[in-house]
Amino acid sequence: MSLTIYNTLSRSKEDFKTLEPGKVRMYVCGPTVYAESHIGHAMSALVFDIVRRYLEYSGYDVNFVMNFTDVDDKIIAKANDLGRDPFELANQYINQYKANLDGLNVLPATKNPRATEDMPQIIEMISQLIRNKSAYQVDGDVYYSVESKPDYGKLSGRRLDTMNAGSRVQVDERKEHPMDFALWKSAKPGEPAWNSPWGKGRPGWHIECSAMNMAHLGEQIDIHGGGNDLIFPHHENEIAQTEAITHKTFATYWMHNGMLGLKSEKMSKSIGNMITIDQFLSEHPGDVMRLWVLNGSYRSPLTYSEEVIEQTEQTYHRLLNAKKPALPGAAGLPEDKATALKNAAEQARNAFKESMDDDFNTSAALAAIFELVRTLNQARSDGATEAQLLPAREAFKELTGVLGLQLEEQSGSANAADPFIDLLVSLRRDLRAEKNWALSDKLRDELKALGVTLEDSKDGTTWNWEQG
RNA sequence: GGCGACGUGGCCAAGCGGUAAGGCAAGAGUCUGCAAAACUCUCAUCAUGGGUUCAAAUCCCAUCGUCGCCUCCA
C-alpha cells in the first residue's frame, strides 16, 4: 500500500516517488495580496495543509514553501486609490492572511518567500532565458517566447494553434506571438521599480514563482500545488520558464484543488462575491471550514450555502461529543468487548491510511473516523471505563490530528468560573433529589443561556461549555 | 468556438466493472422526571436514452443540465 497522487500533468493517479528518499519538496502558489482573502483561499490552504500533514504523518520530511505575490498591477492600483504605500499595503494583507491561516490551524510553511525579496534570482533567470533565446527584449520589456518551447501547453492540454482561434483579447503588437507573456515590465512613473539590465521595472507574475522555486527548493521539486484556475496560464508558464533553463522536469506532481463557489459562481476577489476568512471565522470555528473541505474531494468544486455550513456544524458536534469521558459510574466492559474496541482502533487506522493513500480521499478517511466514533460511543454506553476507552481515544485523536482538526472545547477564561459551576451543579443535584424539577430545570436552562450545557444521566450530571 | 470537470437518497458526499461508505436532516424505539447526548432500527439502483459485457453508478456513444479555464484570480 503506497500513496498515489492525481497528477494534472498526466491526468491520472500515479504512485508517489520523491526525488530524494524520505524528503518532499513542495511549493504552493499563495495569494496576490491586494485584498482580504476569502474562503476560496482558505479551501486551497486547507487542502495543501492536509496534504502536507499526511505526508509528514507518512514519514516524509516536507519542505513546504508558499509564496506571496507582493508586487503586481492590482496592488499598485489599489495603493494609489487609497493613497498608500504599496509595500505597506501588501504587508498588511500578508499579516492578515497569516492570521487567517493560523485561525484555520494551517501549519506555517517552512518558508514564505516574497517576490520582492528574490529580485536577484528573478533577474538572473530572465537573463538566462534571453541568453538561450527563450525570451526577447522589446524596449524595456522582456517577453517569453512560447514558440521556443515545443511542448508548451503540456500541462493544460492546449496547443498554440488552437488557442488563437478564440482569443479576442487585445494583443500587444510588439509580441512575436500573441501568447508570449511578460517576464519583465518596464516601470511607469511613480510605480515601484527595480534596476535591471533592461532598465527599471518589475517582474511579471509567472517568473517570480519559477525564481522562488529555484531559490528555495532547487531545479526540481516533487509537488507543485494551487487552485485549478492557475493551471493556465500561470503553471503552464512556470513550467516553460523553468524547464527552458534546466531542461529537466520541473515538478513531478501537479496538484490542483477545485474552486469554491457561491451559488454556483466562483468566488473571486475581482467579481466581488466573496466571504472573507475573517467573516467565516467570526461565525464558525476553524474546524468547521476544515471539516467542510474534508467532507468532499479536494479536486471537486465546493458550493457555499448556509444549509451546508449548518450541516457541517452538526457534524463537528458529533466529533466533539466523541471526546466525552466515560460514564460516571462505569462498571467496565467484559474482556472480549474491550479487546474488540482495541481492534476497532487499529482498523480505523488502517482504513484511514488506505483512504488517504488513494489521492487523499478525505471523505473516505472521515468515514473511517466516524466508524470509530460509533464504536467508541457504543463502548461508552455499554459502560467502558476510561482505561478501556483509551486505545480508541488515542486513535481518534491521532487521526483527527492528521487532518488538522483541533476539536478543542472553547474554554479560555472560562476556567475561572468552573468551580462556581461545579457548585451550581452540585446544588442542583440536591434539588433533583427532592424532585424539585421546576427549579432544577430552570437552573439548567439559565446555565444553557450562559453557554454551559448540562447533561443528566442515571449516575450523575456532566457539564460542558457550549461547543462551537 | 477550443480545452477540461461534473450530474449518486430531502441536503453534503465516497465509490472507478461484480449488485450503493460516511455525515446532516427525518421517522420509530431504548435510556431519562423532563431535556440533551448516546445507542438500535428505517430511509436511494446512481440525469435521460441507447450500446458493450455473464455482470455497469462504474466502460462507449448521444441528449439534457451545471461548473471551471481560454484575460488578473486559490
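The figures follow:
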quantity	calculated
Distant alpha-carbon pairs in region A:4-283 (separation over 23 angstrom), percent	56 percent
Heavy atoms of A:K17 accessible to a 1.4 Å probe, total area in Å² rounded to 10	140 Å²
Rough spin-label spacing in nm, given labels placed 7 Å along Cα→Cβ, for A:T462 and A:T339	2.8 nm
Contact order relative to length of chain A, as percent, for alpha carbon pairs under 8 angstrom and 6 or more apart	16 percent
DSSP beta bridge pairing in chain A, given as percent antiparallel to the nearest 5	55 percent
Estimated Rh, region A:306-402: Kirkwood, alpha-carbon pairs, angstrom	13.9 Å
Flagged links, alpha-carbon separation over 25 Å, of A:K200/A:K266; A:K78/A:K175; A:K149/A:K248; A:K17/A:K111; A:K78/A:K111	A:K200/A:K266; A:K78/A:K175; A:K78/A:K111
Fraction of alpha-carbon pairs over 31 Å apart in chain A - percent	52 percent
Kirkwood hydrodynamic radius over Cα pairs of region A:250-305, then Stokes diffusion coefficient at 37 °C and 0.692 mPa s, in µm²/s	259 µm²/s
Protein-only accessible surface order, largest first, of A:W465, A:W437, A:W292, A:W205 at 1.4 Å	A:W437, A:W205, A:W465, A:W292
Ranking by accessible area, most exposed first, for A:T110, A:T4 with a 1.4 Å probe	A:T110, A:T4
Distance in nm between pseudo-label sites at A:T4 and A:E455 (7 Å out along the Cβ direction from Cα)	4.0 nm
Rounded accessible area of A:I94 (nearest 10 Å², 1.4 Å probe)	0 Å²
For region A:210-353: rounded, prolate or oblate by the Cα gyration tensor [a/c cutoff 1.5]	oblate
A:Y253 - accessible surface, heavy atoms, 1.4 Å probe, Å² rounded to 10	10 Å²
Residue order for A:H216, A:H235 - accessible surface, 1.4 angstrom probe, largest first	A:H216, A:H235
For region A:213-254, accessible area per residue (1.4 Å probe, heavy atoms of protein chains only), Å²	25 Å²
Residue-span extension gain [A:K263 to A:R429] - 0.36 nm each, minus C-alpha spacing	54.8 nm
Extension gain from A:H247 to A:E307, taking 0.36 nm per residue of separation minus the Cα-Cα distance	16.6 nm
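The values are calculated or read from the model by the stated rules, or taken from the named source; none is laboratory data. For clarity, every value in this text was computed on a predicted model and none was experimentally measured. Note that we place each Cβ from the backbone using ideal geometry, even for glycine, and neighbour counts take in every protein chain shown. What goes into the accessible areas is simple: the full protein's heavy atoms, side chains included, and nothing from ligands, DNA or RNA. Shrake-Rupley method; radii C 1.70, N 1.55, O 1.52, S 1.80 Å.
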